[in-house]
Amino acid sequence: MFRTILSRPKSVSVLAVGSGAYFAQSFLSTAHAESKEAPKAFAGFGFTTLRLHSTTDVNHNTKRLVFEFPDPTATSGLSLTSALLTITRPEGRWLPVPRPYTPISDLNQAGFIEFMVKKYPDGKASTHIHSLVPGDTLTFATALKGHAWTPNQARQVYLIAGGAGITPIYQLAQGILNNPADQTKINLVFGVNTERDLLLREELESFKARFPDRFEYTYVVSHPEGKGEGFQTGYITKELLGGVLKDAEAKVFVCGPPAMETSLVGSGGGILAQLGFEKSQVVKF
């Protein structure tokens, strides 16, 4: 459900993803410590146009984009798990193109919001977004709420992501781990085509370093380009998941390409049902 977008004269809508720690320090230093509650950039209905601060190439088809809030003390106002609807007007199209995308920055971060956007060969929206340069603008519409996560909603969660589907999965993991009141344990299975597609790898591995008893991950690469270490070769199969998903009471979150989601939670039951998980335990983004 969550992905990314934009338009010319670069006043449109998009979602991107990224880390940008130094941006956080810059904006946080200007926040009003005495303010009881920071203003919300996305409060209620309507449209919000943001200026693109910076972009970073992640790999051959993915960028991270950082957008500034007009008020540097504002936070997003979004809740776990949320996406934003972006409205772009790609060149040559009369009608706007709406697309939902998931922020990857901490939703409580002041001053900015980040997205990670994958460019698809025929993706008019993603192609337009990739054409944006700092100073251009993008318009965001109403926030789209996903699963309403509350702290300690489950003792254990399993996160299964494929490709660009890592963005909502990452948002949930980050929100859980950054909340001192939430002690939920997380086990991630992330499947991609090549090592270059292991998006947010540095951030995910920092979770393991910071929360060794609460965060585990398994990378699965179907077409490795070298003899890299730290991942399994192949696909996300029943056998692989059977060795990871061992808590029968856990919640399972899934986001990835249609074929992967169908194999996991298809109408006929899918792999998760075969492993004993009820529909009520599974959330598909």
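For this structure, a couple of remarks:
- Residue pairs whose Cβ atoms lie under 7 Å apart, sitting 6 or more positions apart in sequence or on different chains, and linking a residue in segment 80-101 that is farther than 15 Å from THR137 by Cα and open to solvent by less than 10 Å² (accessible area, probe 1.4 Å) to a partner that is among the small types (Gly, Ala, Ser) and assigned to a loop (DSSP other than H, G, I, E, B), are THR81/GLY146; SER82/GLY146; ALA83/GLY146.
- Helices (runs of 4 or more DSSP H) within segment 188-285 that include 3 or more residues in contact with a strand residue (DSSP E or B) (Cβ under 7 Å, 6 or more places away or on another chain): 201-210, 258-265
- Counting only strands (runs of 3 or more DSSP E) that sit wholly inside segment 74-142, those with at least 3 residues that are touching a Phe, Trp or Tyr at 6+ places or on another chain (Cβ under 7 Å) are 82-88, 112-118.
- Checking GLY270 against (1) open to solvent by 30 Å² or more (accessible area, probe 1.4 Å); (2) farther than 21 Å from LEU198 by Cβ, the condition it does not meet: (1)
- When ILE169, ILE160 are screened for being assigned to a helix (DSSP H, G or I) and under 18 Å from the mean Cα position of the chain (by Cα), only ILE169 passes.
- Selection status of LYS246, touching a helix residue (DSSP H, G or I) at 6+ places or on another chain (Cβ under 6 Å), charged (D, E, K, R) and within 24 Å of ILE176 (Cβ to Cβ): no
- Restricting attention to segment 44-59 and to residues that are assigned to a loop (DSSP other than H, G, I, E, B) and surrounded by 13 or more Cβ atoms within 10 Å (Cβ to Cβ), the residue that is modelled with the highest pLDDT turns out to be VAL58.
- Once segment 89-108 is narrowed to residues that are modelled with pLDDT of 80 or more and among the hydrophobic types (A, V, I, L, M, F, W, C), the residue that is nearest to GLY123 (Cα to Cα) is VAL97.
- Residue list for segment 177-210, filter: crowded, with 16+ Cβ neighbours inside 10 Å, of a type outside the set (Val, Ile, Thr) and over 18 Å from the mean Cα position of the chain (by Cα): ASP182, LYS185, GLU195
The values are calculated or read from the model by the stated rules, or taken from the named source; none is laboratory data. Nothing here was measured: the structure is a model prediction, and the numbers come from that model. For neighbour counting, all protein chains shown are included, and Cβ atoms are generated from backbone atoms with ideal geometry for every residue, glycine included. Calculation scope for accessible area: heavy atoms of the full protein, side chains included, ligands and nucleic acids excluded. Shrake-Rupley method; radii C 1.70, N 1.55, O 1.52, S 1.80 Å.
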